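Just dropping this structure here.
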Amino acid sequence: MRRILVTIVSHDRPGIIHQVSRALADLGCAVFEVSQTTLMGEFAGLFSGGLPAEKNLAGFGDDLGRALAGSGLAHWVAEAQTGPGAPPPGEAEPYVLTLRGLDQGGIIPEFSGSLAGFEVNIDNLRTVALGSDGAGGGHQVLMFFELSVPRSVNQRGFRQALSLMAEELGLEMSLQHRNIFEAIHRL
């Protein structure tokens, strides 16, 4: 079975996950994982799946296009890449980095650059605008970075670098192992 990724982009509406997963199943693709989000009324979804080895990838993409015709769903199909990338499972620990403060254009590039410098992979990133601070000074933002931190990273140096950056940008920061984060935030 060949591992594939299917990307779907569209204006958001109910039923997209059903429509895409039904089309994939009808075309013989087993769906393994789905990650989707909506932002400003737009939908973006990634479907990882398995395609029988005898299926032609380009032909499968064409078949999927016909199955989704008229739906307004743009799609891309690619073979899943293997090789260097995010740390393999077991060689990294899951962490959650939370930032809160005044929205500034450089927060994401600054933190993502520092994370890359430590070979830390960003698995998921969510930012939420919290509105005006009421003092006419701008808008507040809350950011959640789900991270894969290699076990080989110097934890003290890593935390210090992130804390210093947060302090310089005037942000509140928390870095927790995901298990601790989830235990604290469990409903």
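The values are calculated or read from the model by the stated rules, or taken from the named source; none is laboratory data. What you see is a predicted model; the values in this text were computed from it and never measured. Don't worry about glycine lacking a Cβ; one is built from the backbone with ideal geometry, like all the others, and counts go over all protein chains shown.
Considering each residue of segment 139-162, count those that are part of a helix (DSSP H, G or I) and surrounded by 13 or more Cβ atoms within 10 Å (Cβ to Cβ), and give that number.
Within segment 139-162, residues that are part of a helix (DSSP H, G or I) and surrounded by 13 or more Cβ atoms within 10 Å (Cβ to Cβ) number 4.
Since residue 167 meets every condition but one in (1) acidic (Asp, Glu); (2) in a strand (DSSP E or B); (3) under 20 Å from residue 103 (Cβ atoms), which condition does it not meet?
Condition not satisfied by residue 167: (2).
When only residues in segment 10-37 that are under 23 Å from residue 124 (Cβ atoms) and charged (D, E, K, R) count, which is modelled with the lowest pLDDT?
Ranking the qualifying residues of segment 10-37, first place goes to 33.
Which one is farthest from the chain's Cα centre (by Cα) among residues in segment 1-32 that are of a type in the set (D, E, K, R) and farther than 21 Å from residue 63 by Cβ?
Kept after step one, since they are of a type in the set (D, E, K, R), are these residues of segment 1-32: 2-3, 12-13, 22, 26.
Right, trim to farther than 21 Å from residue 63 by Cβ and you get 12-13.
Numbers: 12: 18, 13: 21 Å.
Filtering segment 1-32 for residues that are of a type in the set (D, E, K, R) and farther than 21 Å from residue 63 by Cβ, the one farthest from the chain's Cα centre (by Cα) comes out as 13.
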